[in-house]
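Novice: Next up is a structure, given as structure tokens.
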Amino acid sequence: MESEVQLLGIGSRVKHPAYGDGVIIRLYRAAYEVCFMTYGVKQVGKDYDKWKVIEAIPAESEVTFSEAEKSLMRILRRWSDIQEEVELGDRWDGGTLILKPGDDSLKNKELPIDSFFHKIVMVRDRLRVMEQRINSSKLTDEEKVNLQQYITRIYGSLTTFNVLFKYKADHFVGEKSR
């Protein structure tokens, strides 16, 4: 017998068997965009029925993005000691980043690539926090848009480092796809 899949709204809390605890942050025609505490933002089909719904919020057109952001921020603050795990691409495991100066009399600088990768992920996480703070601030809409444009350009500049990420969902996205 086929079970009926419940349509969930923004702010609904779920527990996925593989990704763990998450919150629905955006609705698409056939999928949910879910922010998982450990694995970041993933898309899950609306017909998926293997997760446990912890708190269902009805899907309504009246819910605004800012209301969803406020709900998500409350949940993220509650779980603030949990950091997102982002995986380095397999081909880089155990690798070394070598910085070679143009002057041959100077020594190369070597850094474990996973340390460098961790710093890139920290930059991304801090940009996300900055976005959240801008969106929840008392700035005018025009001021928010202006600041968001700078952040989008920063993400675009960081797309060079996407080659380090294991999963495409963790990539930096600039202006074209935003």
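Rule-based calculations on the coordinates, nothing more; no lab input. Just so it is clear, the model here is predicted, and its values are computed rather than measured.
Novice: For ASP104 and GLU143, calculate 0.36 nm times their separation in residues minus their Cα-Cα distance, and state this gained length in nm to one decimal.
Specialist: 9.3 nm
Novice: Still on this structure, I have one more. For region 90-170, evaluate the Debye formula with one uniform point scatterer on each Cα (no solvent term) and list log10 I(q)/I(0) at q = 0.13, 0.19, 0.27 Å⁻¹, rounded to two decimals.
Specialist: -0.58, -0.91, -1.27
Novice: Continuing with the same structure: A 25 angstrom limit on the alpha carbon distance is what I want to check against. Which of LYS15/LYS42; LYS42/LYS138; LYS15/LYS144; LYS46/LYS144; LYS144/LYS166 exceed it?
Specialist: LYS42/LYS138; LYS15/LYS144; LYS46/LYS144; LYS144/LYS166
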